[in-house]
1. For the chain, modelled as a GNM with alpha-carbon contacts under 10 angstrom, which of Asn42, Asn85, Asn160 fluctuates the most?
2. Assuming 1.567 mPa s and 4 °C, estimate D for the stretch 148-189 with Stokes-Einstein, Rh taken as the Kirkwood radius over Cα pairs, in µm²/s.
3. Taking a cut-off of 17 Å, what percent of all Cα-Cα pairs in the stretch 277-371 are separated by more than that?
4. Take the chain, mark every one of the GluC sites (Glu not before Pro) that falls in a DSSP loop and has at most 10 other Cβ within 10 Å, then report the longest stretch left between them, sites excluded.
5. Leaving out ligands and nucleic acids, note down the accessible area per residue over the chain with a 1.4 angstrom probe, in whole Å².
6. In a GNM of the chain with a 10 Å cut-off on Cα contacts, which of Ile388, Ile397, Ile25 has the highest mean-square fluctuation?
7. For Lys344, which lysines qualify as cross-link partners when the Cα separation must be under 19 Å and same-chain residues fewer than eight apart are set aside?
8. Within the chain, what whole-number % of the accessible surface is contributed by carbon and sulfur, with the 1.4 Å probe and all protein chains included in the calculation?
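The values are calculated or read from the model by the stated rules, or taken from the named source; none is laboratory data. Because the structure is a prediction, the values reported are computed rather than measured. Neighbour counts run over all protein chains shown; Cβ positions are idealised from the backbone, glycine included. Quick note on the areas: whole protein, heavy atoms, side chains included, nothing else; ligands and nucleic acids left out. Shrake-Rupley method; radii C 1.70, N 1.55, O 1.52, S 1.80 Å.
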Amino acid sequence: MPFPGSSFLLFKMGIYERRRIGKIIFLIAAAVAMILFLLVSNSLVKELAQQERERMDIWASATQKLAKADIDSDFEFLLAIISQNNSIPVLVTDAGYHILDYRNFPLPDEIEDGKATFEELSEENKDFLNRRIHKAGGGRSLDELSETDPHFIKVEIYHNAFQYIYYEDSILLKRLSLYPYIQLGVMILIALIIYLAVIYTKRAEQNRLWAGLSKETAHQLGTPISSLMAWNQFLEASGADKEVTGEIQKDVNRLSVIADRFSKIGSRPELRLEYLNETVNRSLQYMKSRISGKVSVVMNLSEDDHGVLLSTSLIEWVMENLTKNAVDAIGGEGRIEISTGTEKDKVWIEVKDTGKGIARKNFKNVFSPGFTTKKRGWGLGLTLVKRIIEEYHGGKIFVKESEIGKGTTFRIELPAA
């Protein structure tokens, strides 16, 4: 037979798991879409590169036929093929890397392409082209390169006399090869902006929800608290047992504290300079009387009781939540150790227990709304704690360390005043 509230717990865990799985599916789908986009873009770039290779083969063939042409050859047709290349950078060399002709290179000394032979170029332009061909060749023979590198083409000018054509990708092809990555970067940037906008909107909605819920809770508690106070005063005036009325007053005071905490959660609380050890000690004294004698609570408070800007009632609420969680984790029997200290420009509090521990994958999940491993509960205690520490006090709370079956240590860090 399932324990009471198990269906609700499974429902909450189901929502949390579905959200997590939904995020993972979305990220996988986005990654697959980006990979497909890159593959398609790269395929188009490779296709264009192949077309340029075919154009250069035709250009090389036309150069070869022009060199071997007789009087009956169609010179105009061959020259037209050669002159049509106005985008692909080309160098024609002999076997010794000596440049014989060039075309479509962006020369340092700007001149109109093809208006000067290589020998007529300035020394700066000659050096520029020589560096280009030697860098591409890498010191290897042009015969070897023409067999292994598609950017080198060997052309027989006449019997056993060869020239070598070296070409580079056109400016259009170079731009297209970069375009997918630029577009991918833009897509990632847009996705990041959308993600941040969604997170900001979600956080704003959560803040409004917290504020509305907290104020309404404080408001709803106010009426019965006032009524209880009046009835208690009536009982005292009627001669009721003072011990009974005293206990009732304690409970009324406790409810007033809870209502005050909810009112502070609903709006930004006023922070005052308080001593940390004093605040921690006060909250634990309240909890000690409500903890089983089988639970040992050890306090290691720093000798340097550093001043901190904080809301006392909210920090006491934080300590009560963490202590209750520790008691639940150790199953009513074990050890809880609370420590404080200073470190550079911050003060810290650590709550360590000898309980069942937390799996590493859940170190961050424990602060998510609705996440709980308890049989009962809403899974909001640590969410409230995180909000109080980070949103209202500018601090940080995290699971410092935990090991299944051995215990957990929560650490709070607050800016020192």
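1. Looking only at Asn42, Asn85, Asn160, the biggest GNM fluctuation is shown by Asn160.
2. Translational D for this selection: 98 µm²/s.
3. Tail fraction, whole percent: 54.
4. On the way: sites that count: Glu110, Glu112, Glu270, Glu303.
So the longest stretch without any such site is 113-269.
5. Values: 25450 Å² over 417 residues.
Computed with neighbouring chains in place, this is 61 Å² per residue.
6. Sorting by GNM fluctuation, first place goes to Ile25.
7. Lys396, Lys400
8. Values: 14800 of 25450 Å².
The value for the chain is 58 percent carbon and sulfur by accessible area.
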